[in-house]
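Single-structure report; data block below.
The values are calculated or read from the model by the stated rules, or taken from the named source; none is laboratory data. Just so you know, these numbers come straight off a predicted model, no measurement behind them. Counting neighbours? That spans all protein chains shown, and the Cβs are built from the backbone with ideal geometry, glycine included. Heavy atoms of the whole protein, side chains included, go into the accessibility calculation; ligands, DNA and RNA do not. Shrake-Rupley method; radii C 1.70, N 1.55, O 1.52, S 1.80 Å.
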Amino acid sequence: MTSVHTSAREQAAPTVTGPRGSGGPGGPPERPIAWSMLSRALSVPLILGLVCFLPAVIAAQPGSGVRDTAYWLQLVLTCYAGARLATMILSTRRRLLQGVFWMFVYIAMGVAPFAQVVIGQTPTPMVGPRQDLVTAIAMVLVGCAAYDLGALLASRRPLRRRTPSARGAVSGPAVAHPLRLRLLVLLAFTASAFYVLKLGGPSVFFASRQEINETVAASGVVAEGSNVGSAFLKGFGQVPALLALLFYTRRLATSYRARRRPSTVLVWVALAALNLLVNNPVSNARYWFLTVVVAFVFAAFPSSAAVYRTVLTAGVVGALVLFPYADRFRYEEGSQRSVQSASVFDPLVTKDYDQMVMFANTISWVDTRGHTYGRQLAGSGLFFVPRAVWSGKPEDTGVRVGQWMGLRMTNLSAPLWTEFWVDLGAAGMIGGMALIGYASARTDRRYALAVTRAGPGPGSVLAIAAPLIAGYTFILLRGPLLQAAGKLAIAALCLVAISTYRERRAVRRRLRPPRGPGYADAAAPP
């Protein structure tokens, strides 16, 4: 096995591509003239399409919806999110986490709820008064503004520069340690093999999600009333395999030397086959497979602005047209739900996009029960504690609200705004969203540096972590957090375990006067 580690010369040496102004030293990054002209040509129709055309088409749909305060607030939110998404797509900088955030908000909190308001139908019944829906839309809008404020504050603060130590060395960015990465590959194959054998063999992974869940429940790793065992089984069976594939993908994509080594290519092929087994779209949730695809694409094309813009643009189309129908493998053949649609917007009001109405139901639940003051977030942070040890461990926020509503099916969403609202109210939600916006913007700026040719090289941990977090953002924003915490924690544990901070000798340029006639006069002070 070959690691994704590169030599110090490979990691530190910048690439000279041309004179100033063409991507060379001291000049701005190279920007192809063709794409510059294309971006100008696409900017107007893109902005008009996201901000004006699509909301207008939805508003013209027939339905029994009432054009009240909720209608107009939802329209404002949709247009605001559309404008911010267009900004992310047309930006000269790749803002990975922020782009994915606004894509989710535009679809799940903007377009879909707006269609529900117009048509007068929601995926989940709303049990509270109409005013709770108005409050929910207003709070999402305020939370988005707080997110933008946090991102703005992050952009105003310069990135901290590492200072050299007394020995003239500086601590470089986190890179994958060669030996530890080999151990991660070994862990990936071992844990995934145990996962496959525990579930009865590879054939189960190409049946349905329903059969996978039933097999996990019958495997003996699930204790009564607790899903910690199944979370660890799935997490370690899937996450290390994905991380190892991402590191080797980046290695092959950025290093010509790695592509000439058969051992590296063979390991990548084996990891790709392993991921096709344990992370395929048949036996996994759509949001997790979306995480896999997004992370893989940005690991394979780390510096491509065209790929970045294509992912965000195609994501909107896919969410409207393909995503509602992508659960055909969720159920067995006999129990599969039939899909009947008279309009392209019908799936937005009958299937998956219940985030806004669940926020409204959560506001109604909090009005009757009160805020939990950190209890729900603590349960998500301590997800690994079994209920046998913590008898009062809180359940998923979506599950608790669904039980209060009297629903039999409680696999409901609890968007991130909801999690903050339940524990901390409006003030906590605003502060939490601002903090997330700040962290997203800072991470985007560091990621942009990590994927440059003069960055920390193919072994950069941030160049893998940022795309993974970007893909997982869909799960975090959709919620509940308790369900999302497991795989995220396992990924963080693996990344920390393989990371190392190697010292690099600081380069000090000293101006020396030329030797020769007149040297003494040139060296002497005036």
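Here Thr122 meets each of (1) at pLDDT below 90; (2) open to solvent by less than 20 Å² (accessible area, probe 1.4 Å); (3) among the β-branched types (Val, Ile, Thr) with one exception, condition (2). Within segment 348-386, if we keep just the residues that are among the acidic types (Asp, Glu) and part of a loop (DSSP other than H, G, I, E, B), the residue that is most open to solvent (accessible area, probe 1.4 Å) turns out to be Asp352.
Inspect all residues belonging to segment 433-442 and state whether any of them is crowded, with 22+ Cβ neighbours inside 10 Å, over 27 Å from Tyr373 (Cβ atoms) and in contact with a Lys or Arg (Cβ under 9 Å, 6 or more places away or on another chain). Before the answer, list the steps.
Narrowing segment 433-442 to residues crowded, with 22+ Cβ neighbours inside 10 Å: 433, 436-437, 440-441.
Restricting the remaining residues to those that are over 27 Å from Tyr373 (Cβ atoms) gives 441.
Subsequent filtering for residues that are in contact with a Lys or Arg (Cβ under 9 Å, 6 or more places away or on another chain) retains 441.
Within segment 433-442 (the criterion being crowded, with 22+ Cβ neighbours inside 10 Å, over 27 Å from Tyr373 (Cβ atoms) and in contact with a Lys or Arg (Cβ under 9 Å, 6 or more places away or on another chain)), the answer is yes, since at least one residue qualifies.
Of all residues in segment 123-157, which are of a type in the set (Val, Ile, Thr) and in a helix (DSSP H, G or I)? Correct list: Val134, Thr135, Ile137, Val140, Val142. Among the residues examined, Gly110 qualifies as modelled with pLDDT of 90 or more, in contact with a Cys (Cβ under 9 Å, 6 or more places away or on another chain) and buried (at least 23 other Cβ atoms within 10 Å of the Cβ). Selection within segment 182-195: residues that are over 13 Å from Leu242 (Cα atoms) and in contact (Cβ under 8 Å) with a residue 60 or more places away in the chain. The member of this set that is surrounded by the most Cβ atoms within 10 Å (Cβ to Cβ) is Tyr195. When Leu97, Leu85 are screened for being surrounded by 20 or more Cβ atoms within 10 Å (Cβ to Cβ), among the aliphatic types (A, V, I, L, M), under 18 Å from the mean Cα position of the chain (by Cα) and farther than 20 Å from Gly479 by Cα, only Leu85 passes. Of all residue pairs spaced 6 or more apart or on separate chains, those with beta-carbon atoms under 8 Å, a first member in segment 151-167 that is among the charged types (D, E, K, R) and a second member that is outside any loop (DSSP other than H, G, I, E, B) and modelled with pLDDT under 55 are Arg162/Val170; Arg162/Ser171. The one condition from (1) open to solvent by less than 20 Å² (accessible area, probe 1.4 Å); (2) assigned to a helix (DSSP H, G or I); (3) under 29 Å from His177 (Cα atoms) that Gly457 does not meet is (2). Considering Ala295, Ala270, Ala299, Ala253, the condition of being assigned to a helix (DSSP H, G or I), at pLDDT 90 or above and either open to solvent by less than 10 Å² (accessible area, probe 1.4 Å) or within 24 Å of Val451 (Cα to Cα) (or both) is satisfied by Ala295 alone. Residues considered: Val496, Val507. Of these, the only one that is closer than 30 Å to Pro178 by Cα, at pLDDT 85 or above and either within 25 Å of the chain's Cα centre (by Cα) or open to solvent by 20 Å² or more (accessible area, probe 1.4 Å) (or both) is Val496.
With respect to Ala176, is the statement that it is modelled with pLDDT of 90 or more and either under 29 Å from Gly315 (Cβ atoms) or of a type in the set (Asp, Glu) (or both) true?
Numbers: modelled with pLDDT of 90 or more: no; either under 29 Å from Gly315 (Cβ atoms) or of a type in the set (Asp, Glu) (or both): yes.
Answer is no for this residue.
Checking each residue in segment 306-351 for being modelled with pLDDT under 65 and among the aromatic types (Phe, Trp, Tyr) picks out Tyr325, Phe329, Tyr331.
Take segment 393-418 and flag every residue that is in a loop (DSSP other than H, G, I, E, B), on the phi < 0 side of the Ramachandran plot and open to solvent by 30 Å² or more (accessible area, probe 1.4 Å). Full working, then the answer.
Of the residues in segment 393-418, the ones in a loop (DSSP other than H, G, I, E, B) are 393-396, 406-415.
Of the ones still in play, those that are also on the phi < 0 side of the Ramachandran plot are 393-396, 407-415.
Those that are in a loop (DSSP other than H, G, I, E, B), on the phi < 0 side of the Ramachandran plot and open to solvent by 30 Å² or more (accessible area, probe 1.4 Å): Glu395, Leu407, Arg408, Met409, Thr410, Asn411.
Taking residues in segment 408-419 that are aromatic (Phe, Trp, Tyr), and partners anywhere that are surrounded by 24 or more Cβ atoms within 10 Å (Cβ to Cβ), the pairs with Cβ atoms closer than 8 Å and at least 6 places apart or on different chains are Trp417/Val140; Trp417/Gly143; Trp417/Phe359; Trp417/Met433. Among the residues of segment 273-292, the one identified as open to solvent by less than 20 Å² (accessible area, probe 1.4 Å), of a type in the set (Ser, Thr, Tyr) and over 15 Å from Val196 (Cβ atoms) is Thr291.
Residues Ala193, Ala241: which one is of a type in the set (A, V, I, L, M, F, W, C), in a helix (DSSP H, G or I), at pLDDT 90 or above and closer than 19 Å to Ala295 by Cα?
Details: Ala193 fails: closer than 19 Å to Ala295 by Cα.
Sole residue among the options that is of a type in the set (A, V, I, L, M, F, W, C), in a helix (DSSP H, G or I), at pLDDT 90 or above and closer than 19 Å to Ala295 by Cα: Ala241.
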